[in-house]
Amino acid sequence: MTNPPFIGREPEIARLKGLLSKKSASLIVVRGRRRIGKSRLLGEFGKEVKSFFFSGMPPVEKTNARLQREEFAGQMERMGLPGAKSDDWSNLFWFLSKHTERGRVLVVFDEISWLGGKDPAFLGKLKTAWDMHFSKNPQMVMALCGSISSWIEENILSSTGFVGRITIDLVLEELPLNVCNAFWRPKEKLISAYEKFKLLSVTGGVPRYLEEINPKLPAERNIQNLCFTQGGLLVREFDEIFSDLFSKRSASYKEIVMRLADGPRELLEICKELQQSRGGLRSKHLDDLVKAGFIQRDFSWHLQDGKESKISRFRLSDNYLRFYLKYILRNRSKIKKGDFTPSVLTKFPGWEGMMGLQFENLVVHNRKTVLKLIEVSSEEVVMDGPFFQRATKKLPGCQIDYMIQTRFHTLYIIEIKFSKDPIGKKIIEEMQEKIKRLKTPKRFSIRPILIHVNGVESAVLDEGYFDKVIDFGEFLD
C-alpha cells in the first residue's frame, strides 16, 4: 500500500535539506501533536539519504525497559543489521554507530519518550553515544522525534546533558489553509470555500485527517464517514490521543479540554469549574496541553506600550477536539453500534456557535495570511492575537476576535464572522460597540476588518465602514 502524496511542508523540508550542507553532524528535535506529520516529514527528507527509522513501543501496562531494548534490536535486524545485543542501550547505540560511520545518514528515534521513558539511563547513554560515536560522522543527522512535547522539553531541550548539542528544535504546526486546499485535488476549483470549511472545521490543518478527504463526496458524507460511522478514524482518535500521550493521567487532561469546548477560559475559571486549587497539578496539565498543541494560551496586552499583560485565557485551539466533544462524544455509544445516522449538520444543537469558534481558530492559526491580506508586514507588528479587556468599575469588558497593533499606532480590529447566510448591516453596530468599549490611546488609529465565510449583503459594502472585507476563500488561494 502506497502512501498518499506528500503535501506541503516546503519550508521545513528546505530547512532539513540545509543540514546536509553543514560540515558537522546535526542532532535535531522534531515535535508536534499526534497526526501532524512528523514521521512523514522525516520520511520525505530521508529519501535523499541512507535512513534508519526506529520507534518506541506504546507505554502499555507491561511495557518495560527490557522490552523496549529488545524491540529496538529487532527493528535493527529487520533493517539488515542483525547481531545487536539488547542487554544495554550503550551496546545498541555503539552497534548502530558502526553502521552509520560514513556518508549522509539519517537516524530517527520516533516516539523518543516511549523509547526512554522506562529507563532513567536511556538519555544519558544516548548523549554519550552521540558525543563518542554518532557525531564523528560530519554528515550524520539524528532526529529525536515525539508527540509529548512536555517530556522532550523537560528531558532533552532543558537538560544540561544536551545543552549546545541540539541544532534545530522543529515544532510542526497545522498546515496553512492554502496548503490544505490541495487535499481536494483535482476538484479544488470546483468546490466552494464554504463546503471546504465544513470539513476544515473538523480536521483543522492536521495532515493525517485531511488525507481522509474524498473529493468526490460532499462534506456531509466525508464527515459522516470520519466521525459518525462505526470504526471511523475520528471516532477512535480522541481516546487514542489521550491514552498515548497522557497514559493513566488522561482523565485529568480530558476534564480540562471539556471545560474549554464552549469557549476560552481564564485559569481561575477553569479551576473553579473543576473545583480545584489554582496551582500545582492543574497548571502543569494546562502547560502540557499547550505544548502538545491542543490548547493555546492567549495573553492580552497593554495598548499604551504594547507589552504583554498578566491576563491570559486558555483556548481550545484544536478543531477536532472541539467537534468530538460537542457532537461525537454524546453519540458515541450509538456510533459504535452502527445505529447513528446524523441529521443535517446545521441542525446539530449549538451548530452556529461551535462553527464560529472553529472558524476563529482557522483564521488565528493563519495569521501570516491575515497580515498578507491586509497588507501589513510582520516587521510592523507590535502585538497581535485575540484581545480581551476585563470589566472594572470604570471600564467595560471587551473581547475582540483578533487584533493587530502596529508600531505606527494603528489597531486593526478584526471581526471573524461565521454565518450560513450573508452577513447583514447589524455587524457594523456590533463592531462599533466593541470599539466604543475598548480603551484606546488618543494617538491611535482604528481600522475595522471583517473576515467572513459565506458572503455579506451589499448594504454592508455600501456603507464603506470596514477597511477590508475578506472572504474565507482568499485564505485557500
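The table below lists the values:
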item: Some residue of the range 427-448 being in the same structural domain as Phe472 (by TED's automatic domain parsing), within 15 Å of Ile470 (Cβ to Cβ) and hydrophobic (A, V, I, L, M, F, W, C); result: yes
item: From the options Leu27, Leu42, residue that is buried (at least 19 other Cβ atoms within 10 Å of the Cβ), under 18 Å from Ile7 (Cα atoms) and either among the acidic types (Asp, Glu) or at pLDDT 95 or above (or both); result: Leu42
item: Test: residue in the range 369-382 that is touching a Cys at 6+ places or on another chain (Cβ under 9 Å) and either surrounded by 16 or more Cβ atoms within 10 Å (Cβ to Cβ) or in the same structural domain as Lys417 (by TED's automatic domain parsing) (or both); result: no
item: Tabulated pairs, the range 436-454, first under 14 Å from Val370 (Cβ atoms), second surrounded by fewer than 20 Cβ atoms within 10 Å (Cβ to Cβ) and of a type in the set (Gly, Ala, Ser), C-beta under 9 angstrom, 6+ apart or interchain; result: His452/Ser419
item: Filter result for Arg322 (part of a strand (DSSP E or B), in contact (Cβ under 8 Å) with a residue 12 or more places away in the chain and closer than 25 Å to Leu172 by Cα); result: no
item: So Gln75, is it assigned to a helix (DSSP H, G or I) and surrounded by fewer than 17 Cβ atoms within 10 Å (Cβ to Cβ); result: yes
item: Residue check for Leu286: touching a strand residue (DSSP E or B) at 6+ places or on another chain (Cβ under 8 Å), surrounded by 16 or more Cβ atoms within 10 Å (Cβ to Cβ) and on the phi < 0 side of the Ramachandran plot; result: yes
item: Cβ pairs under 8 Å, 6+ apart, first in the range 145-172 and under 16 Å from Lys127 (Cβ atoms), second buried (at least 19 other Cβ atoms within 10 Å of the Cβ) and aromatic (Phe, Trp, Tyr); result: Arg165/Trp130
item: The listed residue being in contact with a Lys or Arg (Cβ under 7 Å, 6 or more places away or on another chain) and surrounded by 15 or more Cβ atoms within 10 Å (Cβ to Cβ), out of Leu200, Leu172, Leu177; result: Leu172
item: Positions within the range 50-87 being touching a residue at least 40 places away in the same chain (Cβ under 8 Å) and closer than 29 Å to Glu212 by Cα, in sequence order; result: Ser51, Phe52, Phe53, Phe54, Ser55, Gly56, Met57, Pro58, Pro59
item: Selected residue (only one of Gly397, Gly385 is loosely packed, with under 14 Cβ neighbours inside 10 Å and not assigned by TED's automatic domain parsing to the domain that holds Lys307); result: Gly397
item: Residue count, the range 49-100 (criterion: under 32 Å from the mean Cα position of the chain (by Cα) and either more than 24 Å from Lys136 (Cβ to Cβ) or not assigned by TED's automatic domain parsing to the domain that holds Leu20 (or both)); result: 14
item: Options Phe418, Phe387; residue that is farther than 21 Å from Asp477 by Cα and of a type in the set (Phe, Trp, Tyr); result: Phe387
item: Inter-residue pairs, beta-carbon under 8 Å, first closer than 12 Å to Phe314 by Cβ and in the range 271-283, second modelled with pLDDT under 70 and not aromatic (Phe, Trp, Tyr), 6+ apart; result: Cys271/Arg278
item: Residue count for the range 14-26, restricted to those that are touching a helix residue (DSSP H, G or I) at 6+ places or on another chain (Cβ under 6 Å) and among the aliphatic types (A, V, I, L, M); result: 2
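The values are calculated or read from the model by the stated rules, or taken from the named source; none is laboratory data. Predicted model only: the values in this text are computed from it and were never measured. As a convention, Cβ positions derive from the backbone with ideal geometry for all residues, glycine included, and neighbour counts pool all protein chains shown.
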